[in-house]
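The values are calculated or read from the model by the stated rules, or taken from the named source; none is laboratory data. Since the structure is predicted, the reported quantities are computational estimates derived from the model, not experimental observations. Using ideal geometry, Cβ is built from the backbone for each residue, glycine included, and neighbour counts are taken over all protein chains shown.
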Amino acid sequence: MDFKLTDKEEALKREFETFFEAEMNNAPSEFGNGGLEGVYTSDEGFAFHKYMARKLGEKKWLSLGWPKQYGGLEATIMEQVIFDDVRGYYGAPGVDAFAVGMFAPTLLVGATEEQKQRLLPPIAIGEAFYCQGWSEPDAGSDLASVTTTAIREGDHYIVNGQKTWTTGGHKAEFMFLLARTDADSKRGKGLSVFHLRMDLPGIEVRPLAFMDGEHVYNEVFFKDVKIPAEDLIGVEGEGWNLTRQTMNFERSGAGGFSGAKKMLESLIEYTKTTNRNGQPLSKDPNARRKMVEVFIGSELGTTLAYKIAWLHEKKDFMSLITAASESKLYSTELAQQLANYATEIMGPHGQLEAGACAPLGGSMVELYQFCKGATIYAGTNEIQRNLIAWTGLGLPRLKFK
């Protein structure tokens, strides 16, 4: 593998850096330390997210890799990873993870031409915001267990059921839904994908508040919700295969690694300007060891992210499945290591939440509180280890009687 970027890629990276460095100066104070809480917990944060989406849409950076006929630039997977890497470093919003990262690839793979022409352009220009209707109280990582039904009646589907952990459902205009169109089917059979508006009659969104009162997640209830049949995406009953294909799109995790590197740089600066026992914290050998460990981890992670882009270009999709699981596993556990080490280095002050007295604006205690969840959502790390074992190492699956 050649780790050196081409001249074109280097120039594109500098263009991304110049843009995000300038635009992040416009972030309101309510955006805080960014992330999901910055985007979804305040009207000001979400407005900035929408502002950035429109800016990115103007440059066609929301649709970098799409075909030009749908508003894309047909960029390479490496160029997409460079974009994610730089955006992650600056902690910039504007890319709707559900619309851009998940539903658009679903449309490109399985939608009709009419659906592509109708649904892709608003996403490409940053004017459509989605939530994901997948997880349920008894179907999270085991997504094939969903029980929400969508039964065909004439020219509509009637939806009944419940979704949970619906990130941004209180802000989203649309949802892409996975539901069971054959009520008697089991597991992955009989599942279908739908596009729907969140203001349809019969949809109820209830907040699931964090312990600190912040509102990011929701549970969503459907009672006799009517979805036009034209909003079935792909073939009825083939939603499981379509969902799996969607998961094979860019999953490098580059933004997570660069974001960790940016937070580490802030921690290093903090240790240089904070004294303990008569000397800067940066001279404490234990603190230095911990920061070096995180730095090495972020560099390794970035290398893995770029390896994933390389595997995409080689069309080595079997190796890609393993590498994507490795990236998710490694990035989430690196975030835990960073949060643990940072709060240890800061001592009691590291427990202060966002405010004037909190080191680094309270960003590390926020990461400390949130990072465990990252090892659970998008497929638990235990599942990622199984995938690495099965697809990467060729180990047999255990069968329990």
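Within the stretch 277-296, the set of residues being at negative phi and either at pLDDT below 90 or in contact with a Ser or Thr (Cβ under 9 Å, 6 or more places away or on another chain) (or both) comprises PRO280, LEU281, SER282, LYS283, ASP284, ALA287, ARG288, MET291. Assess whether PHE103 counts as being within 30 Å of LEU242 (Cα to Cα), aromatic (Phe, Trp, Tyr) and assigned to a helix (DSSP H, G or I). Here the answer is yes, as PHE103 does meet what is asked.
Exactly one residue among SER266, SER192 is more than 30 Å from MET364 (Cβ to Cβ) and touching a helix residue (DSSP H, G or I) at 6+ places or on another chain (Cβ under 7 Å), and that residue is SER192. For the stretch 186-202, filtering for residues that are over 12 Å from ALA150 (Cβ atoms) and modelled with pLDDT under 95 leaves 4.
So that you can scan it fast, the table gives a plain yes or no per residue for (1) charged (D, E, K, R); (2) under 30 Å from GLU30 (Cα atoms):
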{"residue": "LEU178", "(1), (2)": "no, no"}
{"residue": "LYS186", "(1), (2)": "yes, no"}
{"residue": "SER192", "(1), (2)": "no, no"}
{"residue": "MET211", "(1), (2)": "no, yes"}
{"residue": "GLU219", "(1), (2)": "yes, yes"}
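Has the stretch 351-359 got any residue that is closer than 27 Å to GLY140 by Cβ and modelled with pLDDT under 90? Checked against the condition, which is being closer than 27 Å to GLY140 by Cβ and modelled with pLDDT under 90, the stretch 351-359 yields no hits at all.
The residue list GLY256, GLY239 contains one member that is in contact with a Ser or Thr (Cβ under 7 Å, 6 or more places away or on another chain), of a type in the set (Gly, Ala, Ser), closer than 28 Å to ALA47 by Cα and buried (at least 22 other Cβ atoms within 10 Å of the Cβ), which is GLY256. Could you list all residues from the stretch 112-129 that are assigned to a helix (DSSP H, G or I) and closer than 30 Å to GLY32 by Cα? Passing the criteria: PRO122, ILE123, ALA124. None of VAL81, VAL109 is more than 19 Å from GLY38 (Cα to Cα) and surrounded by fewer than 18 Cβ atoms within 10 Å (Cβ to Cβ) except VAL109.
Count of the stretch 321-366 residues, restricted to those that are buried (at least 21 other Cβ atoms within 10 Å of the Cβ) and within 18 Å of THR380 (Cα to Cα), is 10.
Out of the residues in the stretch 260-301 meeting the condition of being in contact (Cβ under 8 Å) with a residue 60 or more places away in the chain and small (Gly, Ala, Ser), tell me which one is surrounded by the most Cβ atoms within 10 Å (Cβ to Cβ). By that ranking, first place goes to ALA260. Among residues of the stretch 371-401 being among the aromatic types (Phe, Trp, Tyr) and at pLDDT below 80, the one that is nearest to TYR217 (Cα to Cα) is TYR377.
For the stretch 72-98, the set of residues classified as closer than 22 Å to ASN26 by Cβ and either part of a helix (DSSP H, G or I) or of a type in the set (A, V, I, L, M) (or both) consists of PHE83, ASP84, ASP85, VAL86, ARG87, GLY88, TYR89, TYR90, ALA92, VAL95, ALA97, listed by residue number.
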